[in-house]
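Novice: The structure's right below; bear with me while I get my questions together.
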Amino acid sequence: MNQERGKKVNHAYFDRIDSLQKAWILGFLAADGSVSSDKNRIKISLSAVDEEILHKIRKAIDIEREVIVSETNQGFSVATLTWSSENQKQKLAHFSIVPNKTYKGMHLPLFEESYQLAFLLGYFDGDGCFKNDGNYCRIEICSHDPHILEDFCDLIKSYFGFEKTVYKDPSRKEYYTITYSTQQANTILETLYDLMDAEDAFYLTRKREKYNQWLRQNNRI
């Protein structure tokens with residue numbers, strides 16, 4: 001049973017990272033999740049347009065708590081999934097998913113390559129964007145911490161042969177960014193989505209649809 005109000009959860013879910021699904025969820029938590037400092041609470045909060053992915057995560061981790069949709073003071077609709085697990089909190093700390101992780105160093109976990117790619121997609125779904133520029137496109141991944149982005153650069157260079165460096169975006173004073181354009185972006189996303197489709201694993205539907213829209217627009221599918 002969960003340690004907060006007796007709500008059920010699979011406390012052992014992150015004990016072994018042995019699936020693309022688990023690696024993706026870890027990447028998503030690394031980018032878009034939070035862990036409380038004083039309790040064993042784990043939370044993901046995002047725009048309500050992406051509520052669907054929280055229901056998938058809830059089912060995967062066997063979380064009894066419901067997804068809550070609310071409105072901020074600024075009028076934005078937000079979906080939130082919160083659960084409590086001391087064991088999960090301890091296991092997530094092994095991957096630097098800790099309280100106040102934003103300004104702490106994080107590195108790509110030493111998984112096998114396919115799980116690293118799934119983690120990369122999870123992180124992209126949490127803290128990346130796909131931009132449709134007509135005939136061209138690009139993907140960007142942002143972070144306060146340059147180390148995780150440097151690891152992503154190394155992974156992409158090793159797997160695809162594309163060499164990039166992390167840069168400090170002057171328009172985002174506290175963020176570092178990596179960017180891949182058009183053919184490189186297409187090759188990376190095509191590979192990541194094909195990988196996830198092979199095991200019916202996770203991805204953010206909204207971002208994939210933006211990519212598919214660009215493919216259709218340029219007669220690539």
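Novice: Would you say LYS39 is open to solvent by 60 Å² or more (accessible area, probe 1.4 Å) and under 25 Å from GLU209 (Cβ atoms)?
Specialist: no
Novice: Further question on the same structure: Only one of LYS173, LYS168, LYS157 is within 20 Å of PRO109 (Cα to Cα) and either small (Gly, Ala, Ser) or loosely packed, with under 13 Cβ neighbours inside 10 Å (or both); which?
Specialist: LYS157
Novice: Another question, if that's okay. List every residue pair whose Cβ atoms lie under 6 Å apart, where the two residues are 6 or more positions apart in sequence or sit on different chains, the first residue falls within region 144-155 and is within 14 Å of LEU121 (Cβ to Cβ) and free of Cβ contacts under 8 Å to residues at least 24 places away in the same chain, and the second residue, located anywhere, is of a type in the set (Val, Ile, Thr) and open to solvent by less than 40 Å² (accessible area, probe 1.4 Å).
Specialist: Correct list of pairs: empty, since none qualify.
Novice: Search region 96-113 for residues that are over 14 Å from ALA23 (Cα atoms) and open to solvent by less than 40 Å² (accessible area, probe 1.4 Å) and pair each with any residue that is in a helix (DSSP H, G or I) and of a type in the set (A, V, I, L, M) when their beta-carbon atoms are under 6 Å apart and the residues are at least 6 apart or on different chains.
Specialist: Listed by first residue and then by second, the contacts come to MET106/ILE148.
Novice: Something else: Any idea which of (1) in a helix (DSSP H, G or I); (2) touching a strand residue (DSSP E or B) at 6+ places or on another chain (Cβ under 6 Å); (3) more than 26 Å from ALA48 (Cα to Cα) is the one LYS164 doesn't satisfy?
Specialist: (1)
Novice: Scanning region 84-107 for residues that are part of a helix (DSSP H, G or I) and charged (D, E, K, R), which turns out farthest from CYS153 (Cα to Cα)? It would help to see each step written out before you state the result.
Specialist: As a first pass, look at region 84-107 and keep what is part of a helix (DSSP H, G or I): 86-93, 101-103.
Next, only the ones that are charged (D, E, K, R) stay: 86, 89, 91, 101.
On the way: GLU86: 33, LYS89: 28, LYS91: 25, LYS101: 21 Å.
Here the residue is GLU86.
Novice: Among the residues of region 84-93, write down those that are surrounded by fewer than 16 Cβ atoms within 10 Å (Cβ to Cβ) and under 17 Å from the mean Cα position of the chain (by Cα).
Specialist: Within region 84-93, ALA93 is the sole residue that qualifies.
Novice: Quick check: is even one residue across region 72-90 closer than 21 Å to GLU52 by Cβ and free of Cβ contacts under 8 Å to residues at least 24 places away in the same chain?
Specialist: yes
Novice: If you don't mind, another one. Would you call GLY122 among the small types (Gly, Ala, Ser) and surrounded by fewer than 14 Cβ atoms within 10 Å (Cβ to Cβ)?
Specialist: On the way: among the small types (Gly, Ala, Ser): yes; surrounded by fewer than 14 Cβ atoms within 10 Å (Cβ to Cβ): no.
When the stated conditions are applied, GLY122 does not pass them.
Novice: Then there is this: With the requirement that a residue be open to solvent by less than 40 Å² (accessible area, probe 1.4 Å) and closer than 18 Å to HIS107 by Cα, what does region 126-139 give you?
Specialist: GLY126, GLY128
Novice: Do the conditions hold for SER47, that is, is it in contact (Cβ under 8 Å) with a residue 24 or more places away in the chain and open to solvent by 20 Å² or more (accessible area, probe 1.4 Å)?
Specialist: The answer is yes for SER47.
Novice: Has region 175-195 got any residue that is of a type in the set (Asp, Glu) and not in a helix (DSSP H, G or I)? Steps first, answer last, please.
Specialist: First, pick out the residues of region 175-195 that are of a type in the set (Asp, Glu): 190, 194.
Subsequent filtering for residues that are not in a helix (DSSP H, G or I) retains none.
No; the residues of region 175-195 include none that is of a type in the set (Asp, Glu) and not in a helix (DSSP H, G or I).
Novice: Against the conditions (1) closer than 15 Å to SER36 by Cβ; (2) assigned to a loop (DSSP other than H, G, I, E, B), where does LEU81 fall short? Just the number, please.
Specialist: LEU81 satisfies all of (1) closer than 15 Å to SER36 by Cβ; (2) assigned to a loop (DSSP other than H, G, I, E, B) except (2).
Residues are listed down the side, and each one gets a yes or a no for (1) within 27 Å of LEU117 (Cβ to Cβ); (2) touching a helix residue (DSSP H, G or I) at 6+ places or on another chain (Cβ under 7 Å); (3) loosely packed, with under 15 Cβ neighbours inside 10 Å; (4) at pLDDT below 95:
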residue	(1), (2), (3), (4)
GLY6	no, no, yes, yes
LEU20	yes, yes, no, no
ILE25	yes, yes, no, no
ALA30	yes, yes, no, no
GLU51	yes, no, no, no
HIS55	yes, no, yes, no
GLU64	no, no, yes, yes
THR82	no, no, no, no
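Novice: Please work out which residue is farthest from the chain's Cα centre (by Cα), limiting yourself to region 31-46 and to residues that are within 22 Å of ILE148 (Cβ to Cβ) and not in a strand (DSSP E or B).
Specialist: The selected residue is SER37.
The values are calculated or read from the model by the stated rules, or taken from the named source; none is laboratory data. Note that the coordinates shown come from a computational prediction; the quantities given were computed from them, not determined experimentally. Because the Cβ atoms are built from the backbone with ideal geometry, glycine has one as well, and the counts that use them run over all protein chains shown. The protein model used for the area step is the full one, side chains on, heavy atoms only, and it has no ligands, DNA or RNA in it. Shrake-Rupley method; radii C 1.70, N 1.55, O 1.52, S 1.80 Å.
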